[in-house]
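Here the structure is laid out as structure tokens; the discussion comes afterwards.
The values are calculated or read from the model by the stated rules, or taken from the named source; none is laboratory data. Quick caveat: nothing in here was measured; it's all calculated off a predicted structure. FYI the Cβ positions are ideal-geometry reconstructions off the backbone, even for glycines, and counts take in every protein chain you see. Only protein heavy atoms, including side chains, enter the accessible area calculation; ligands, DNA and RNA are left aside. Shrake-Rupley method; radii C 1.70, N 1.55, O 1.52, S 1.80 Å.
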Amino acid sequence: MQASESRVCAVVVRALAAAAIAALATACSFATSVSVTRQLREAQESFSSAAAAENAARTQKMTLAETGAGGAALGSAASGYALAAQIARGLRENEASTLERDGLFCPALTVEAMSLWRLGKRDDARTLAENAGPCRGVDAPPRDRTLLLALPGLVQADDAYRMSRDGVHNYESVKANVMGALGKLQDAAADATPRQPVYVYLLTSQLAVLRTWSEAIKSEGLVDPEQSAEFQAYKDKRDELLREYRSVVCDLGSPESLDYWSTLLGSRKTCSGTP
Amino acid sequence: MGTAELIIFAIQAAIRLAEAARRALVDSTRRQALTLPLPDFPAVIDANSAADFYKSDGSTFNVAGSDIQKWTDLVFSGQSLPETAERDFVARYLNDRALLIFRKGSTTAFRSAEDLGGVAATQWTALLEVRQWRKGGDPNPSTLQRLAGTLIEVGVDYFQRDPSLLRTERPTGKAIQSFLSAIGDVSFSMEKPPRLAVSLFGALAESVQANPELFGADDASRLLVDNVTRAVAKDAQERIAAAGDTNTEEGIEAWATLVFRSMLRSAGGTVLSAPGLYLGVEGGRPSLVETVGRALLGAVIQEDAVHLGTLFTQSAMDGVVQSALRAVAASPDLLGIDHSVVSALVRSVAGELAESSQQVGPDLLPDAIRLVLDKTAEHVDLLLPQIGAPPRPLLVTASRVVLERLAKPDPAEHWRPRFAKADALAVLEEVLDQVTQNPGWVTPPAGTASSPLAALLDASLKGLAAMPVPRLRPASALRVLRAAVAAGGRRLELLDVDPASGERLATQVLDAVFSTLRGGADARAAWTLARDEVVTAAAIEALERLADQGVTSERIKAVRGTLLAVRNDVGSGAPFDLEGLGERVSQAIAAA
């Protein structure tokens, strides 16, 4: 009877020990993974807050390059992007295996590349995006893949805006960047589908590029007939993109969005009535 | 299941749960929406926008020789307009654009440039918050799917003795199915919720196993579980997401499980007897059960850090749940227009009474909450004069006044009766009845700091504290205190201050009885009159007779004189007759 009891005890002790070892191993891996994931969330949240602040400041004639009245808001956006880039880069360099195992490598790389772009480190951002390898492949998370594909176009859009504002470049240089940006953003949009959330972002970015183009047509000393031809090209593109934008955002119940872009670009398009 | 298997089972369940939690966190990070920034562009609607319009869609307004044509040409030639001209140009543009849209048979709200830059910008920037996957396109398993393994283990543990409880044709099976469906719909976005879901499932499984009869009516029990799960899980997960530390998160989880279990166990009978009333949903508002569930969870997890600690046991919470459901069923006005009244009421009772009730007795608070809920429902016309407004806080204030006085001895007093929970509740009930008859009890008269209720309780307790030893037993002191409250309800003069002694008349009445019957050196008189029941009865008689006939200092002196005479009579060997005492006191009062 006693022997039988001690055998049962031994079995129980072995089972408990095995369970404890398994629990310990799991706990170590668990703690690292949770810590890495939480840091990435912090980077994502910091990036989103910065972007929200920057977007809100748009209507007050501010950009990251133009501090002044809105300096405080943009300063906080810059800090947010810097923090996001720093965390994401640290994770990518030191915790790559954990990120890859959990499928978080591409989200981290995307946050870093997008943050670098907004911080004005255009070449670093472009290089990171263009060398993203599997994160631009079909198995990558769709939003992140599309953003990495679009990033060179976003950088070029900023270049066009800067050239147009500086006024030291000729119209052809600005237009080359406008066309480059529109082309890359369209390619990225073709990779997504209108049903994907990132599609609206790519359309909106193209409308923003159009607005830069519109200004360039008037500020680069163009004269007719060349100016009229350029304006006609701009108008055709504007109408095409606003039609597409209309088909997406009016279904999303956001007619004010179309109203804003349509008014900004001098169009009469609204969500009501015929397109 | 033996102890060893239980330990192993628990370890395995914990590991699986932790892994499920980690995977849920990873998934939510991968799918986390990002707000995306746009490339730089001129974002303000200005002369450039206007010029584009008059060169394209609005060309019919661009009449030769007009200001419009002049301004448009200037913009196209790369020149800036003077500030006033630009303002006029943009204003004309917005008008003409709205007119054109109208002519084309469309409509749009006319917006100023500021509106478009503000309100409309808020709309388009909202579209820049971008999810990783489109709706329904996320390939990662849901939180519920991640939890499946752990939930199965918990289910096996509970239902292995009677698997038929899980059959979906039976009400118990429908209840469990309903829980899983509801918990799957709750948006768990952070890392902690899986544990909450497992705790709630454990509570449901335990209730189903222990009381399957509670889940008797098919659709009603399914709806009950659905309502309660959504209310408690959603509310708790929001609080967990906002919590700053693990201790707080675990506390919320434990409270949520307690409330959930109570709602199932206690609400079952009540709710299933009138499912239309409790589970009906009208106008998109939450059901009555859902409202009560949220209210109670909000009450026990207060943001102002009132630590209710161990005040709510499971059975105490069961009682509060039943009382709250009864109260809102009896008086639907308690729900309020947005179902906020009952929630505010429970929260305010718990918040106001938590500290003092703990000093009176550790489990008093739930009963105090029940009492206030019951009385509020009985007197809803008085306490809720306006539908939708918060209830008048009369009962909460009165309860606080009572419990504070029963809890905290006056530093100047050497003794105060120590009331048990039942005694304190009896005083509280008497006071609440008085207050519902005369709300003036809790309103301090002009120029004074104390309400009549506070003043009377202080005066009565002072009278009790001053009595010579041996003092009254708590049960006797309670009877005297209730009589004093009842007498005070009839005679406000009991609060008058006697100019000679500086004491309130209520104190003087009690002193007249206690010092006379328990004072004196005559052993034979003391043997009869100092008995607890005699002193108590005499005090009650004195209070009632004075309340009947009117209270003055002179009349209290007459009472004292009568009691002295009785003492002398008894000391001389005369028999004591309580009824006769009342008559003599009455005559003395009338003669004074």
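Listed values, structure above:
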| read-out | value |
| --- | --- |
| Scope region B:456-496; condition part of a helix (DSSP H, G or I) and of a type outside the set (A, V, I, L, M, F, W, C); matching residues | B:Asp458, B:Ser460, B:Lys462, B:Gly463, B:Pro474, B:Ser476, B:Arg479, B:Arg482, B:Gly488, B:Gly489, B:Arg490, B:Glu493 |
| Top-ranked residue in region B:528-539 [being in contact (Cβ under 8 Å) with a residue 24 or more places away in the chain and charged (D, E, K, R); ranked as surrounded by the fewest Cβ atoms within 10 Å (Cβ to Cβ)] | B:Glu533 |
| Failed criterion for A:Arg136 (all others in (1) over 30 Å from A:Asp236 (Cα atoms); (2) more than 17 Å from the chain's Cα centre (by Cα); (3) surrounded by fewer than 22 Cβ atoms within 10 Å (Cβ to Cβ); (4) in contact (Cβ under 8 Å) with a residue 12 or more places away in the chain hold) | (2) |
| Condition broken by B:Leu200, with the remaining ones in (1) open to solvent by 20 Å² or more (accessible area, probe 1.4 Å); (2) in a helix (DSSP H, G or I) satisfied | (1) |
| Evaluation of B:Leu505 against (1) modelled with pLDDT of 90 or more; (2) under 32 Å from the mean Cα position of the chain (by Cα) (one fails), failing number | (2) |
| Conditions (1) within 30 Å of A:Ala140 (Cα to Cα); (2) aliphatic (A, V, I, L, M); (3) more than 10 Å from chain B (Cβ to nearest Cβ): number failed by A:Val168 | (1) |
| Condition check for B:Ala148: within 37 Å of the chain's Cα centre (by Cα), closer than 25 Å to A:Val248 by Cβ, open to solvent by 30 Å² or more (accessible area, probe 1.4 Å) and without any contact (Cβ under 8 Å) to a residue 24 or more places away in the chain | no |
| Residue check, A:Val249 among the aliphatic types (A, V, I, L, M), in contact with a Lys or Arg (Cβ under 9 Å, 6 or more places away or on another chain), at the interface with chain B (Cβ under 7 Å from one of its Cβ atoms) and closer than 22 Å to B:Leu34 by Cβ | no |
| Qualifying residue in region A:139-157 (condition: in a helix (DSSP H, G or I), of a type in the set (Gly, Ala, Ser), within 14 Å of the chain's Cα centre (by Cα) and more than 11 Å from chain B (Cβ to nearest Cβ)) | no |
| Hey, A:Arg195 farther than 26 Å from A:Met114 by Cα, surrounded by fewer than 23 Cβ atoms within 10 Å (Cβ to Cβ) and facing chain B (nearest Cβ under 9 Å) or not | no |
| Close pairs from region A:83-107: first touching a residue at least 24 places away in the same chain (Cβ under 8 Å) and away from every other protein chain (no Cβ under 12 Å), partner surrounded by fewer than 18 Cβ atoms within 10 Å (Cβ to Cβ) and among the charged types (D, E, K, R), Cβ under 7 Å, at least 6 apart | A:Ile87/A:Glu42 |
| Single residue of B:Ser501, B:Ser515 found to be without any contact (Cβ under 8 Å) to a residue 40 or more places away in the chain and over 16 Å from B:Leu406 (Cβ atoms) | B:Ser501 |
| Enumerated helices (runs of 4 or more DSSP H) restricted to region B:19-110, each holding at least 1 residues that are under 59 Å from the mean Cα position of the chain (by Cα), more than 10 Å from chain A (Cβ to nearest Cβ) and farther than 30 Å from A:Ala52 by Cβ | B:83-103 |
| Selection count where residues are modelled with pLDDT under 75 and of a type in the set (Asp, Glu), scope region B:246-285 | 1 |
| Qualifying residue in region A:225-237 (condition: part of a loop (DSSP other than H, G, I, E, B) and more than 8 Å from every other protein chain (Cβ to nearest Cβ)) | yes |
| From A:Arg143, A:Arg165, residue being open to solvent by less than 20 Å² (accessible area, probe 1.4 Å) and in contact with a strand residue (DSSP E or B) (Cβ under 9 Å, 6 or more places away or on another chain) | A:Arg143 |
| Selected residue (only one of A:Ser205, A:Ser262, A:Ser219 is within 9 Å of chain B (Cβ to nearest Cβ), at pLDDT 90 or above, surrounded by 19 or more Cβ atoms within 10 Å (Cβ to Cβ) and over 22 Å from the mean Cα position of the chain (by Cα)) | A:Ser262 |
| Some residue of region B:457-470 being under 33 Å from the mean Cα position of the chain (by Cα) and within 20 Å of B:Asp367 (Cα to Cα) | no |
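Residue by residue, here is whether (1) without any contact (Cβ under 8 Å) to a residue 60 or more places away in the chain; (2) of a type outside the set (Gly, Ala, Ser); (3) touching a helix residue (DSSP H, G or I) at 6+ places or on another chain (Cβ under 9 Å); (4) surrounded by fewer than 15 Cβ atoms within 10 Å (Cβ to Cβ) holds:
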| residue | (1), (2), (3), (4) |
| --- | --- |
| B:Leu510 | yes, yes, yes, no |
| B:Ala526 | yes, no, yes, no |
| B:Glu541 | yes, yes, yes, no |
| B:Arg555 | yes, yes, yes, no |
| B:Ala565 | yes, no, yes, yes |
| B:Leu578 | yes, yes, yes, yes |
| B:Gln587 | yes, yes, yes, yes |
| B:Ala592 | yes, no, yes, no |
